[in-house]
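For reference, the structure discussed in these notes is given below.
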Amino acid sequence: MSFVKRAYQYAMDVVEGDIPACLYVRQSCNRFLADLEYAQDEEEFWFDTDWVNRLCSRIENFEHVKGKWASRQEKFKLSDWQVFIVANLSLIAMEG
């Protein structure tokens with residue numbers, strides 16, 4: 001599954017109540033989904049799915065430098081909520 005799809009699925013799961021979350025996280029997910037829908041029809045938002053996928057892939061190529069994961073030379077593994085944050089920050093409102 002692509003990182004963008006993971007971010008979208010996380011937001012849907014939070015909005016539908018499948019993932020428990022506080023009010024602010026639910027509002028953030030609602031706003032993200034609304035902005036994505038709006039971005040498809042308007043030119044006021046910029047969202048590059050390829051860029052989000054490349055950025056998350058690059059983050060997951062980093063290796064841990066401390067602790068038990070570093071001794072095993074493990075790479076980062078982004079959780080769905082972390083992928084959502086990257087995707088959410090990548091949705092840019094263009095000013096007219």
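The values are calculated or read from the model by the stated rules, or taken from the named source; none is laboratory data. What you see is a predicted model, and the numbers here were worked out from it, not measured in a lab. Reconstructed Cβ throughout: ideal geometry from the backbone, glycine too, with neighbour counts over all protein chains shown.
Computed values, structure above
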item: Search result, residues across the stretch 1-37 that are loosely packed, with under 13 Cβ neighbours inside 10 Å and modelled with pLDDT under 95; result: Met1, Ala34, Glu37
item: Odd one out for Phe32, checked against (1) touching a residue at least 40 places away in the same chain (Cβ under 8 Å); (2) more than 20 Å from Met1 (Cα to Cα); (3) of a type outside the set (A, V, I, L, M); result: (2)
item: Some residue of the stretch 58-76 being β-branched (Val, Ile, Thr), free of Cβ contacts under 8 Å to residues at least 12 places away in the same chain and farther than 14 Å from Leu91 by Cβ; result: yes
item: Candidates Trp46, Trp81, filtered to the one that is of a type in the set (A, V, I, L, M, F, W, C) and either closer than 20 Å to Met1 by Cα or touching a Gly at 6+ places or on another chain (Cβ under 9 Å) (or both); result: Trp81
item: Residue tally, condition within 11 Å of the chain's Cα centre (by Cα) and without any contact (Cβ under 8 Å) to a residue 12 or more places away in the chain, over the stretch 1-19; result: 1
item: Gln73, sole failed condition from (1) in contact with a strand residue (DSSP E or B) (Cβ under 9 Å, 6 or more places away or on another chain); (2) on the phi < 0 side of the Ramachandran plot; result: (2)
item: Selection from the stretch 60-74 of residues that are out of contact with any Phe, Trp or Tyr (no Cβ under 6 Å at 6 or more places or on another chain) and surrounded by 12 or more Cβ atoms within 10 Å (Cβ to Cβ); result: His64, Trp69, Glu74
